[in-house]
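Asker: Provided herewith is a single structure, encoded as structure tokens, for subsequent inquiry.
The values are calculated or read from the model by the stated rules, or taken from the named source; none is laboratory data. No experiment lies behind these values; they were computed from the predicted model shown. Positions of Cβ are generated from backbone atoms using ideal geometry, with glycine treated the same way; all protein chains shown enter the neighbour counts. Note: accessible area is taken over every heavy atom of the protein model, side chains too, but ligands, DNA and RNA are not part of it. Shrake-Rupley method; radii C 1.70, N 1.55, O 1.52, S 1.80 Å.
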Amino acid sequence: MFETIEAAPRDAILGLTAAFREDSRNEKTNLSVGVYQDETGKTPTLECVRAAEQRLAEAPSVKSYLPIPGAPEYAEVVQQQLALGADHEAVTSGRIASAHTPGGTGALRVAGDFINANFPKATLWMSEPTWPNHGNIFDAARVPTKGYAYFDKSSNALDFEPMLEAIQKMPAGDVILLHGCCHNPTGIDPTLEQWKQIADAVYGQGLLPLLDFAYQGFAEGIEEDAAGLREFCRPGAELMVCSSFSKNFGLYRERVGALSIVCPVADVVGAIQSQVNRVIRSNYSNPPAHGAAIVNCILRDESLRTTWEKEVATMRSRINGTRQQFVDALASKNVPGDYSFITQQRGMFSFTGLTKDQVETLREKYAIYIVGSGRINVAGLTPANIERVAEAIGEVVG
Ligand code: LMR
């Protein structure tokens, strides 16, 4: 039976990292996958994470199963301290169903399965462009997808009016996927005023918002980056939030994320939670404990939380500083074009405008790996490689 099966296409992002590992050239640079690197090119384990792991190692060990949606104390800190704030009405009135999921991808897949099971007629609308895995996840969950205008290539800015017009044409009962902050891949987010208008349009149209919230802390700050999401969390409003702690806690391989479903009233939470649990039980049964235990330990300890906030600020400021250095390096190599827009983009990525062919040449000729959409992981640029990358870009666009 297996002999008739053809190979699947390579993953648009992780497939590149696999190819990078196999590349035997000495001088090679991976700017594809969104993983933070410090100025030496290393992905550090955060100090707060090491300290939390030390404490966990000293605590009595428990290895029996967690509940299907994970540890309740983890759900509580995620809702209270990260996404919404402890005093938020949705938190204090108890109208949120939650689950600890294996990463943000796990949260999106649980959300997709939940949508398919409970709203089988709904279409999910995704920004154009979006993270390539969004399409894979919702296809796998058998949720039909369509695209909406988001990015204006000519101005490197949000295509705001067309986006609003597209929302105003979406059928009631559909789901709209939005990026809570640090839009992946464009790095272009709405302003707070635009978020308000988007939320008005989404709710006015009777849509269910689903926010992918994977980069909290990488744009302006942990609190500041939740402002768009909080705009959706209006009294009585429904929304779904998929959080990832891969980037902001540097816990990539621990697979730690969360799905939060904000219900209109607390009475509904029991039924919604039971549907979420059902999806999880038939998928991975219950989550792995370690990553969530780390996040829980850090967020509940004042000193570890302070260390964490500082470490997130360090990552953020290195990326923002690198944006300017990259623009300067491109200018110093006389690369044609104005790249100053790169300093306006937010989060880990820069959407450079490089074409598919240029991206391919960078890989083939210079062993520089970037995503086919022209997305560069700015955190992969270091003092050791930035000049060479700028020079190579100059050669492919020149
Ligand atoms: C990315 O966009 O590079 C990250 O979210 C990692 C991934 O899983 O694709």
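Asker: Within the stretch 103-120, can you find the residues that are out of contact with any Asp or Glu (no Cβ under 9 Å at 6 or more places or on another chain) and either closer than 18 Å to Glu254 by Cα or without any contact (Cβ under 8 Å) to a residue 12 or more places away in the chain (or both)?
Answerer: Passing the criteria: Thr105, Gly106, Arg109, Val110, Pro120.
Asker: Name every residue in the stretch 372-398 that is more than 14 Å from Val327 (Cα to Cα), open to solvent by 10 Å² or more (accessible area, probe 1.4 Å) and in contact with a Leu (Cβ under 8 Å, 6 or more places away or on another chain), in order of residue number.
Answerer: Hits for the stretch 372-398 are Val396, Val397.
Asker: Also, I was wondering about something else. Every residue in the stretch 214-232 that is in contact with a Leu (Cβ under 6 Å, 6 or more places away or on another chain) and either within 16 Å of the ligand (Cβ to nearest atom) or open to solvent by less than 10 Å² (accessible area, probe 1.4 Å) (or both), please.
Answerer: Of everything in the stretch 214-232, those that are in contact with a Leu (Cβ under 6 Å, 6 or more places away or on another chain) and either within 16 Å of the ligand (Cβ to nearest atom) or open to solvent by less than 10 Å² (accessible area, probe 1.4 Å) (or both) turn out to be Leu229, Phe232.
Asker: Quick test for you: out of Asp200, Asp267, Asp301, pick the one residue that is open to solvent by less than 50 Å² (accessible area, probe 1.4 Å) and more than 16 Å from the ligand (Cβ to nearest atom).
Answerer: Asp301
Asker: If Val279 meets every condition in (1) modelled with pLDDT of 95 or more; (2) open to solvent by 40 Å² or more (accessible area, probe 1.4 Å) apart from one, which number is that one?
Answerer: (2)
Asker: I've got another one for you. Go through (1) on the phi > 0 side of the Ramachandran plot; (2) within 16 Å of the ligand (Cβ to nearest atom) and name the single condition Ser373 misses.
Answerer: Result: Ser373 fails condition (1) only.
Asker: Among the residues of the stretch 271-301, which ones are in contact (Cβ under 8 Å) with a residue 12 or more places away in the chain and of a type in the set (A, V, I, L, M, F, W, C)?
Answerer: Ile272, Val276, Val279, Ile280, Ala289, Ala292, Ala293, Ile294, Val295, Cys297, Ile298, Leu299
Asker: In the stretch 101-125, how many residues are among the small types (Gly, Ala, Ser) and touching a Cys at 6+ places or on another chain (Cβ under 9 Å)?
Answerer: 4
Asker: Restricting to the stretch 176-202, what's the tally of residues that are under 18 Å from the mean Cα position of the chain (by Cα) and among the aliphatic types (A, V, I, L, M)?
Answerer: Of the residues in the stretch 176-202, 4 are under 18 Å from the mean Cα position of the chain (by Cα) and among the aliphatic types (A, V, I, L, M).
Asker: Same structure again: For Tyr252, all conditions in the list (1) surrounded by fewer than 18 Cβ atoms within 10 Å (Cβ to Cβ); (2) of a type outside the set (Lys, Arg); (3) within 18 Å of the chain's Cα centre (by Cα) hold save one; what is the number of the exception?
Answerer: (1)
Asker: Does the stretch 2-18 contain any residue that is within 16 Å of the ligand (Cβ to nearest atom), touching a Lys or Arg at 6+ places or on another chain (Cβ under 8 Å), of a type outside the set (A, V, I, L, M) and under 30 Å from Tyr366 (Cβ atoms)?
Answerer: no
Asker: Among (1) under 21 Å from the mean Cα position of the chain (by Cα); (2) within 21 Å of Arg255 (Cα to Cα), which single condition is Gly85 missing?
Answerer: Here Gly85 clears every test but (2).
Asker: Six or more apart or on different chains, Cβ atoms under 6 Å: show the pairs whose first residue is in the stretch 205-218 and under 16 Å from Asn118 (Cβ atoms) and whose second is within 15 Å of the ligand (Cβ to nearest atom).
Answerer: Leu210/Leu177
Asker: Return the residues of the stretch 20-30 that are in contact with a helix residue (DSSP H, G or I) (Cβ under 8 Å, 6 or more places away or on another chain) and within 16 Å of the ligand (Cβ to nearest atom); say none if nothing qualifies.
Answerer: If the condition is that a residue be in contact with a helix residue (DSSP H, G or I) (Cβ under 8 Å, 6 or more places away or on another chain) and within 16 Å of the ligand (Cβ to nearest atom), then Thr29, Asn30 are the ones that fit.
Asker: Follow-up. Sort out which residues of the stretch 264-293 are hydrophobic (A, V, I, L, M, F, W, C) and either farther than 21 Å from Gly94 by Cα or part of a helix (DSSP H, G or I) (or both), and write them in order of number.
Answerer: Ala266, Val268, Val269, Ala271, Ile272, Val276, Val279, Ile280, Ala289, Ala292, Ala293 - these are the residues of the stretch 264-293 that are hydrophobic (A, V, I, L, M, F, W, C) and either farther than 21 Å from Gly94 by Cα or part of a helix (DSSP H, G or I) (or both).
Asker: Search the stretch 249-268 for residues that are in contact (Cβ under 8 Å) with a residue 12 or more places away in the chain and pair each with any residue that is assigned to a strand (DSSP E or B) and surrounded by fewer than 14 Cβ atoms within 10 Å (Cβ to Cβ) when their beta-carbon atoms are under 9 Å apart and the residues are at least 6 apart or on different chains.
Answerer: Correct list of pairs: empty, since none qualify.
Asker: Output the number of the condition that Glu364 fails; it satisfies all remaining conditions of (1) within 19 Å of Lys333 (Cβ to Cβ); (2) open to solvent by 10 Å² or more (accessible area, probe 1.4 Å).
Answerer: (1)
Asker: Can you report the number of residues in the stretch 45-65 which are at pLDDT 95 or above and open to solvent by less than 70 Å² (accessible area, probe 1.4 Å)?
Answerer: Number of matching residues: 8.
Asker: Moving to a separate point now. Before we move on, is Gly353 at pLDDT below 95, under 20 Å from Leu158 (Cβ atoms) and assigned to a loop (DSSP other than H, G, I, E, B)?
Answerer: Criteria met by Gly353.
Asker: Could you check, for the stretch 7-22, whether at least one of its residues is open to solvent by less than 100 Å² (accessible area, probe 1.4 Å), hydrophobic (A, V, I, L, M, F, W, C), free of Cβ contacts under 8 Å to residues at least 60 places away in the same chain and part of a helix (DSSP H, G or I)?
Answerer: Yes, the stretch 7-22 has at least one match.
Asker: Can you name every residue in the stretch 163-210 that is among the polar types (S, T, N, Q) and more than 21 Å from Phe245 (Cα to Cα)?
Answerer: Gln168, Thr191, Gln194, Gln197, Gln205
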